[in-house]
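See structure below.
The values are calculated or read from the model by the stated rules, or taken from the named source; none is laboratory data. Treat the numbers as computed from the prediction; the structure is a model and nothing was measured. Every residue, glycine among them, receives a Cβ derived from its backbone with ideal geometry; neighbour counts consider all protein chains shown. Accessible surface areas use protein heavy atoms only, side chains included; no ligands, DNA or RNA. Shrake-Rupley method; radii C 1.70, N 1.55, O 1.52, S 1.80 Å.
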Amino acid sequence: IDKDMRAVIERVKEAQVTVQNQVVGKINQGLLVYLAFSEADANRPNRQNWFTKFAERLINLRIFEDSAGKMNLSVKDISGELLVISEFTLYAQLIKGHRPSFSQALAKSEAEILYNEFLSVLKTLGLKVSQGIFGAKMLVSSINDGPVTIILEG
């Protein structure tokens, strides 16, 4: 099982996240990104460099259609927006039974640090970046365009 940082990416027409009846993050066309860290990520060397490479892969992922209808453009190419939501359940394991285990997910206190560090790197790359509230109960709504949903691990 791959134990690297994990993201589920949706190409969206729009998306928003609400916490306690307040919209805390909202985007127009772009990417809705659910992001999780594993225990293995906590002690990764050169974290800044690792985050930069992952962020560049994310914003250069060619999943938007060009004028010929081919997925040939990135969120960067279309000046799209990003909504990044922390989502530890991406590390759910169902080895036996019906209740998922999250033992590979990074502990909340450490994951929050990595989440904020990654967002800081992402915000330096020139696109509008919105976010949820780490650890909060969030309601996320989106219009998935396609649908197009990609899993990215790094």
Regarding region 102-120, can at least one residue be identified that is in a loop (DSSP other than H, G, I, E, B) and open to solvent by 50 Å² or more (accessible area, probe 1.4 Å)? yes
Applying the selection to region 71-89, what residues are of a type outside the set (D, E, K, R), touching a residue at least 40 places away in the same chain (Cβ under 8 Å) and touching a helix residue (DSSP H, G or I) at 6+ places or on another chain (Cβ under 8 Å)? Val75, Leu82, Val84, Ser86, Phe88
All conditions in (1) open to solvent by 70 Å² or more (accessible area, probe 1.4 Å); (2) of a type outside the set (S, T, N, Q); (3) closer than 23 Å to Gln16 by Cα; (4) touching a residue at least 12 places away in the same chain (Cβ under 8 Å) are true of Ile59 except (1)
Can you find a residue in region 132-143 that is in contact with a Lys or Arg (Cβ under 6 Å, 6 or more places away or on another chain), within 20 Å of Ile78 (Cα to Cα) and not small (Gly, Ala, Ser)? yes
Need a quick list: strands (runs of 3 or more DSSP E) entirely within region 1-56 having at least 2 residues that are farther than 13 Å from Glu81 by Cβ and open to solvent by 40 Å² or more (accessible area, probe 1.4 Å). 22-27
Out of Leu139, Leu127, report the one residue that is open to solvent by 60 Å² or more (accessible area, probe 1.4 Å) and touching a strand residue (DSSP E or B) at 6+ places or on another chain (Cβ under 7 Å). Leu139
